[in-house]
Structure formats: structure tokens, C-alpha cells
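The values are calculated or read from the model by the stated rules, or taken from the named source; none is laboratory data. On a predicted model such as this, the values are computed, not experimentally measured, just so you know. FYI the Cβ positions are ideal-geometry reconstructions off the backbone, even for glycines, and counts take in every protein chain you see.
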Amino acid sequence: MTTTSMQTVRYDDRIVRWFVCATVLWGIVGMLVGVILALQMAWPAANIGEYLTFGRLRPLHTNAVIFAFAGNAIFAAVYYSTQRLLKTRMAHGALSWTHFWGWQAIIVSAAITLPLGLTQSKEYAELEWPIDIAIAVVWVVFAVNFFWTLKKRREKHIYVAIWFYIATIVTVAILHIVNSLAIPAGLFKSYSVFAGSHDALIQWWYGHNAVAFFLTTPFLGLMYYFLPKAANRPVFSYKLSIVHFWSLVFLYIWAGPHHLHYTALPEWATTLGMVFSVMLWMPSWGGMINGLFTLRGAWHKLRDDAVLKFFVVGITFYGMSTFEGPMMSIKSVNALSHYTDWTIAHVHSGALGWNGFIAFGMIYWLLPKLWKTEIWSKGMANLHFWIGTIGILLYIVAMYSAGVTQGLMWRAFDETGRLAYPDFVETVVQLVPMYWVRVLGGCLYFIGVLLGGVNMVMTVLKSPGRLEDTEVQVPAPDWKPDVRISSNIDDTLNSLEAATKSGRHRLLEGWPLVFTVLTVAGISIGSVVEIVPMLLVRSNVPTIRSVTPYTALELEGRDLYIREGCVGCHSQMIRPFRDEIERYGEYSKPGEGVYEHPFLWGSKRTGPDLARLGTKYPHLWHVRHMEDPRSTTPPSLMPAYPHLLSNTLDLGSTQTKLDRMAMLGVPYSIEEINDAEATARAQANEIADEVVAQGGPDGLADKEIVALVAYLQRLGTDIKKREGGASADLGGQ
């Protein structure tokens, strides 16, 4: 009888403990900022000072929740489960700690730069180019450590959780690098290499799939490992997990354009995104079914087990979100939901319910195992669950109500055929009570997170003084590669045939390199089919003869618009609907954005669309509105920006900015670039003089407000309207 030799393996639990602590810490920070933002939406006075306005804090909140809270939870899950599934310690401790501290440094840099207004304005990709490079470097460190560990594994076949980790690592790297391509115009200033419709397509290819491959696939991997452990039950269906994984990886990458229905993106691209979004129903619900059915025979544990409660409700929210997402991608539904708070409800049901609850379920399961003691208070864990659940429900019900209210009021016409609510602010007034309910729901969820933090701290304090890494005895690997490469092609084919008889997918599970290559191929097909024709076929973006580049001062004003986060509340994309054309003017054309680096179409209308704002109001109105929005629009919820009237306008880098734009193809002449500062000063003086002539304050010629006014007054003026509403100056391929 052959005796199997055993080997001792010491898992690296310390790195997991640190990632768990970071998860809870950043969860508290991220949720706190979210509560502040909810309060600012209901009560504008909560916007305090230049650096803590809604526009500057919103990207901080999204980055903190996605990349700090959820990101650290992902890494804790990967480092804990990978070692145990592969029966080996992580490949290199130095790489693990470089990953940990590098990621925390990136988070801190985001917390510093975003309130300072240093942003690229792209959804989920706001961080400027030096931080983007740091993200890529740290991600590569993580990838090297993971795949090195995979290579030295002691388990032949890779488990389903590992499949999802592989998909996450390779896809996030591709998404981040492509979407972050930019030309630096300073230490913390850059311009996207893509413009207008092209930039919008790339951004939402990234944005949708950041949700797919950062907030979905790694959490599914987490679910496939920790849920069976917590329930002490095997995964419901191995075959379903195979279908779930490969269909999700292939289909998800196509869905991004559904965020851009009825915009200046070609209809073929958005329709393609919609079709694949609808098909995502099947694999997404396959994953939900596999998760919930894994609990068969363990439902009786739910009454007392907080871990299973978090997992069950988290998976349920996953099912709800992945049903609603494809539904919202259908054009007729999207026509109502887009730009409204319906989208906010959808996003938060997934983020708070799916990601948040799965993460907390994992943490509560890990605490006793990592700190070698019982959890401090099971009652507090259950209280966290119930308070968090009520908080989520209050939040999303309020936002669903607000979203439907917005959509219906915007498109309402009276019996005379006129807009029933022609003034945008009329819809805002109706939303305030719902915004206060959101504040309450957010506060409850935040209190739950605080309870979880207290429970963790008290559990850590009652742990033994010295925590040893887990040590296990595992069989020494006695397996050989499934396929042996030989110089004789017949021997190689025979080896392949023999391996295939055991199951084609089992073959892949023993061949991680091929598995990874096939995963990359799966996500690449949709990316290439959607992006390449858009970039190469010129007719996708017809030119417009009257569209010209921004002046130097207007470009500076546009950068101020980006700095203040105005794109978070104002869209610049009029859809071809009767109500939008009546309210805002001629619908937006693809050719209008050819010099827009980056695009600023926006994805939410807390305020009115600005695509045709230029010349609608005199300069003084904009000055007063930015100084105190309620002086011009009493019910407005917009923050005040008095610092724009006192901050000195810095034109020292204007020439560099025009030069970088010229590098990207914007047709600035050498003279325009060399005279950039002088021409900007001249236009600033003209605007300041007109403000005085209109009865406004003197001394604004060297203040930031004149640049922002110049930009706002330019919006939409390249497209002139004839009598009857027909557009002029269109055409010219």
C-alpha cells in the first residue's frame, strides 16, 4: 500500500487580518461620507466651505465605498480563501505587504486629492494620472503574487472561487489601463486621449464592467467559498457554476453602452449593449440560484446565525439588482429611468445589499477564526443585520419614489400640449421629503456599520495575546500536468485526448494558464467588436462645420466645472424626446463633442441639463447663481460657490493645456497656443466689464468666476437654431 507523504503548510493569516481591519475602517469612512452627501441633498446648508461641497465629496464617497471598503473586502477574501483552496501559503510575503500598503496609500491619496478638486471627472475613474499609474503598479503586484501562488499550488484542480478571482484580476487590469489613457498637462491634470462619443463609449465600457468585475465577479468568488463554509453544505450545482461563470464573463463585457441610450452614441452600439444586458438575466440568476440553493437543509440556522442572514439577504439583493439592471437597459424603461434617482436606488440596492452584506457576512465568519476567539456579541451582529436591512429598504424605496416622480414630471404635458412643469426646479421641490427619508435610511445603515466596527474591536481585544498563523498538514502534490507536451505531436494529442475524457472543464481546472487565456479571450471579443468599429469608422461621428475648439478662457472654465464636480448633478446631453427638446432645445449631436476631452455628458440630473445653456442668461445671473443659487432660484438645492468670486484665476498653465489639446488633435494654431494667456486675459476683462455694466460687482477680471461664466456661456452655441427648430451648420463628413 502506498503511503501519501504529508507536508506542513502555514497560511499567512496576518495579511488577512489587516485587510479585514482596513475593510471595516474604510467602510465606516465611506458610509459616513455617504450620509453627509445625503444630508447635503436635502439641506444645502450642509455644504460647508470650498472643499466639502457635494460635487467634491461625491467621487470621494464612491471611491471609498468601491475601492476602499469593497476592495479591501475582496483582498481579504482572496488572500484567505486562495491559500486554503490551493493548499499553499501566498507566494511571497513582501508582495502581499506591498499590495496592502500600496492600496492603502492609493486610498489616502484619493481622500486628499478629490476634495481638492483634482479629478478627471470619469465615473469610478476620477483619480488623476499619477494615482492611476500607482493603481496599475499595485494591481500588477497583486496579480504576480496571486498567479505565482497558483503556480505553486498543491491542489491540482482550481475551485470555482478561483475562476472568478482570475476573471477579476485580468479584466480589471485591462479596463483600468485602457480607460485611463490620458495626456498629462501638469502634475495632477490630464486630458483623456478619447473625446466625445468615443470617450463616452470607453468610459461606460469601463464603468459598467468595473461594476461587473470589481463588484460582482470577486464577490461571487467570495460567495462560492464562504457561503458553503458558513452553511456547512456543498455548492448546489457544479455544472451550474460552470455555466454561470463562462456566460457571465462573455456576456457582461458587451453591456456598457446601455448606459448611453438616446445619446449621441450610434444606435447600433446602444442596441448591442441592450441585447447583451437582457441576456445577462440568465447567468446572473444562475449564480443567485446556486447560492440560495446551497443553503438547502440549513435554513433552520437562519434564526440565530447572523452570518447566514447577511449572506441570504446579500444574495437576494444580487438577484434583485441583476434583474433590475437588464430591465433598465431596455430602451423604453431607460427613457424614463435614466438621469433620475431610480438609478441611484438601483446602484445602492446592489452596493449596500449585495456587496455590503456579503462583505459583513464574511467578516463575521472570519473574526473568530482569525483572532482565535468567539465573536464578542452575536446579539449585536444580529442587530447590525436588522438595522442595516431597514436602512437599505428606506433608502431605496425613497429613491425609487423620487426617480419615478422625476421621470414622470419631466415628460408630463398639460391639456394644451405644453410642458406641465416647464421649470426644472418644480420637480426638485417634490423630491425633498424623499431625500430626508434617504438621510434616515443612510443613517440607519451607517449605525449598523458602526455596530459592526465596535463588535470587531471588542472581539480583537478579547483575542489571545499572540496570534499564530494557521498550520495544517496537506498531502504532497503527486499529480502531473493533465497534458504533457512532447516533440512528437501524436504523443501530445494522445495525452490531450486522455485528459479530456475526464471532463473538458476538469481539464481546464488543472491547466490555469489556459483557463486564464480563455478568460481573456472571452472578455476581449465583446470589447473589440464594440470599440474598434466606433473608433475606426468615421461615419459614426459625423463632423459639424460650426463646431470649433474652446477659447483659452473657456477651456480654463471647463476645467473649473470639472474641478467642482458639476458633472455629478448636471447632464450635457439632450435626448431626442419631445419634452427634452421643449425644455432645453435642439437634441445633442455626436459631432458636438469632437473636442471634448473628456466628455461631460453626465449620468444624473439633480439640476437641469446644460447642453444649450449658453446665452440663455446674462453674465450677472451666472455670477449671482454661483455665489448663492437661492438668490436666483429660491427652491434650489445646489451648493453655493462664493470662493469662485474670491479665488484668483491661475492662467500659468493655460498655454500647456492648449498645447496638450493640440497633441490630441484639437486644431489650435501655434499663435493661439503661444498667446493663450494674453487672449484669456482679454476675454476675462470683457466678461468682467459686462458684469459691471449689468449692475454686478467690480474686480472680477482676475477671478475664477469669469472663466466659468465664459464656459457656461459657450455651451451649445456652436449649434444655431433656425425658425421652426431645425439645426443649422450640420453635415460635412
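Here is how the numbers come out for the structure above:
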read-out: Complete set of residues in segment 120-131 that are part of a loop (DSSP other than H, G, I, E, B) and either over 23 Å from I344 (Cα atoms) or not aliphatic (A, V, I, L, M) (or both); value: Q120, S121, K122, E123, Y124, E126, E128
read-out: R681 being out of contact with any helix residue (DSSP H, G or I) (no Cβ under 9 Å at 6 or more places or on another chain), at pLDDT 95 or above, more than 30 Å from Y435 (Cα to Cα) and surrounded by 14 or more Cβ atoms within 10 Å (Cβ to Cβ); value: no
read-out: Qualifying residue in segment 636-657 (condition: small (G, A, S), under 30 Å from H346 (Cα atoms), surrounded by fewer than 19 Cβ atoms within 10 Å (Cβ to Cβ) and at pLDDT 95 or above); value: yes
read-out: Index of the failed condition, I562 passing every other in (1) modelled with pLDDT under 95; (2) in the same structural domain as L651 (by TED's automatic domain parsing); value: (1)
read-out: I242 being over 20 Å from the mean Cα position of the chain (by Cα) and more than 28 Å from F577 (Cα to Cα); value: yes
read-out: Residues (out of contact with any Gly (no Cβ under 8 Å at 6 or more places or on another chain) and either polar (S, T, N, Q) or buried (at least 18 other Cβ atoms within 10 Å of the Cβ) (or both)) located in segment 377-388; value: S377, N382
read-out: Verdict on G291 being on the phi > 0 side of the Ramachandran plot and modelled with pLDDT under 95; value: no
read-out: Residue that is touching a strand residue (DSSP E or B) at 6+ places or on another chain (Cβ under 9 Å), of a type outside the set (V, I, T) and at pLDDT 90 or above, where the choices are S527, S571; value: S571
read-out: Checking V532 against (1) modelled with pLDDT of 95 or more; (2) more than 30 Å from V706 (Cβ to Cβ); (3) of a type in the set (V, I, T), the condition it does not meet; value: (1)
read-out: Breaking point among (1) of a type in the set (S, T, N, Q); (2) buried (at least 22 other Cβ atoms within 10 Å of the Cβ); (3) more than 18 Å from V20 (Cβ to Cβ), for N455; value: (3)
read-out: Subset of segment 309-324 (residues that are surrounded by 23 or more Cβ atoms within 10 Å (Cβ to Cβ) and either closer than 19 Å to R575 by Cβ or of a type outside the set (S, T, N, Q) (or both)); value: K309, F310, F311, G314, I315, F317, Y318
read-out: All positions within segment 422-443 that are in contact (Cβ under 8 Å) with a residue 12 or more places away in the chain, surrounded by fewer than 20 Cβ atoms within 10 Å (Cβ to Cβ) and over 13 Å from L39 (Cα atoms); value: P422, F424, V425, E426, V429, Q430
read-out: Candidate set from segment 454-467 (those that are free of Cβ contacts under 8 Å to residues at least 40 places away in the same chain and assigned to a loop (DSSP other than H, G, I, E, B)); member that is farthest from D12 (Cα to Cα); value: G465
read-out: Extreme residue, farthest from E267 (Cα to Cα), among residues of segment 589-612 that are crowded, with 21+ Cβ neighbours inside 10 Å and either among the aromatic types (F, W, Y) or outside the structural domain of M663 (by TED's automatic domain parsing) (or both); value: F599
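The rows are residues; the columns are (1) free of Cβ contacts under 8 Å to residues at least 60 places away in the same chain; (2) at positive phi; (3) assigned by TED's automatic domain parsing to the domain that holds P266; (4) out of contact with any helix residue (DSSP H, G or I) (no Cβ under 6 Å at 6 or more places or on another chain).
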{"site": "I169", "(1), (2), (3), (4)": "yes, no, yes, no"}
{"site": "V178", "(1), (2), (3), (4)": "yes, no, yes, yes"}
{"site": "S190", "(1), (2), (3), (4)": "no, no, yes, no"}
{"site": "V193", "(1), (2), (3), (4)": "no, no, yes, yes"}
{"site": "Q203", "(1), (2), (3), (4)": "no, no, yes, yes"}
{"site": "G221", "(1), (2), (3), (4)": "no, no, yes, no"}
{"site": "Y224", "(1), (2), (3), (4)": "no, no, yes, no"}
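Conditions (1) modelled with pLDDT under 95; (2) of a type in the set (V, I, T); (3) under 30 Å from Q83 (Cα atoms), marked per residue:
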position: W97; (1), (2), (3): no, no, yes
position: T113; (1), (2), (3): no, yes, no
position: E123; (1), (2), (3): yes, no, no
position: P130; (1), (2), (3): no, no, no
